[in-house]
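What follows is a short report on a single structure.
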C-alpha cells in the first residue's frame, strides 16, 4: 500500500505536464497554419497582379468599331506638312515605267527624282500617265502603306507649265481590279510590303529601274 501511494503523485504530475503541453500547442502556430497563411498571401498577391494587368489592357472599341486593346492602340497619326512640290518632270526625263494591265492603252511611269518617304511614312511620288496619242497627265501623289490609301496633292495645270493644287483630294482607299488601277500596282509591286514601305526611297527607285517587283524579290529569296 505504501508503495502504491508513492506512485500516485507521479501520475498526477504526468497529467499536469500533459495538459501544459497541450495548452502550449494551442497557443503556438503549427506548420499547417504557416502553410495556410503563405498560401493565402500568395493568392492575394497573384490577384493584385492579375487585376493590374487586366486594367492596363482593357479592350476598346474606339478604333473603327473594332475591339483593340489599349496597349495595342497606335498613337494618332499626323501627316507631314507639304511645304513645297517637286519640279515637273521634263519631256526628256528618264522615267521609270511600270506595268498596270495588259489591256490598258495607257502607259504609266514614275519620276525617280520625285520619290521620297516622309517622317509620317508616306511615299510621295510624281506619276506620268501617257495616252497613245502622246497626251500626258502628271500627278503628284502620296501613298500610305499602313492603311492602303492614296491621295492627290497636285496635277499638271492647264498651261502644262506648273502644278495645280486646287484638284487635291483627301486620303481614299486604293481601288484594285480596274483597268487603270495603277495605285494598286505601285502599292503591291514596289512601294509597300507587309503594310510598311519596301525600303527607303533609293531602294524603291532601284527596284523600279530594274523591274524587281515584290513577287520577283520573294522568289529570289527562296
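The values are calculated or read from the model by the stated rules, or taken from the named source; none is laboratory data. Keep in mind the model is a prediction, meaning the values are calculated, not measured. So basically every Cβ, Gly included, is an ideal-geometry build from the backbone, and we count neighbours across all protein chains shown.
Summary of computed values
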item	result
Among residues of region 165-174, those that are more than 22 Å from the chain's Cα centre (by Cα) and either surrounded by 11 or more Cβ atoms within 10 Å (Cβ to Cβ) or at positive phi (or both), counted	3
Residue in region 140-161 that is assigned to a helix (DSSP H, G or I) and closer than 21 Å to residue 96 by Cα present	no
Residue that is surrounded by the fewest Cβ atoms within 10 Å (Cβ to Cβ), among those in region 87-104 that are in contact with a strand residue (DSSP E or B) (Cβ under 7 Å, 6 or more places away or on another chain) and closer than 22 Å to residue 216 by Cβ	97
Residue tally, condition part of a loop (DSSP other than H, G, I, E, B) and surrounded by 15 or more Cβ atoms within 10 Å (Cβ to Cβ), over region 105-130	4
Near pairs, Cβ below 7 angstrom, 6+ apart or cross-chain, from region 64-90 (at negative phi) to any residue that is modelled with pLDDT under 55 and assigned to a loop (DSSP other than H, G, I, E, B)	69/57; 70/57; 70/58; 71/57
Unique residue being modelled with pLDDT of 95 or more and touching a helix residue (DSSP H, G or I) at 6+ places or on another chain (Cβ under 7 Å) when the list is 110, 138, 128	110
Matching entry among 84, 133 (being within 30 Å of the chain's Cα centre (by Cα) and surrounded by fewer than 16 Cβ atoms within 10 Å (Cβ to Cβ))	84
Per-region count, region 177-222, residues at pLDDT below 90, in a helix (DSSP H, G or I) and out of contact with any strand residue (DSSP E or B) (no Cβ under 7 Å at 6 or more places or on another chain)	7
Selected residue (only one of 91, 87, 97 is over 18 Å from residue 192 (Cβ atoms), modelled with pLDDT of 95 or more and part of a loop (DSSP other than H, G, I, E, B))	87
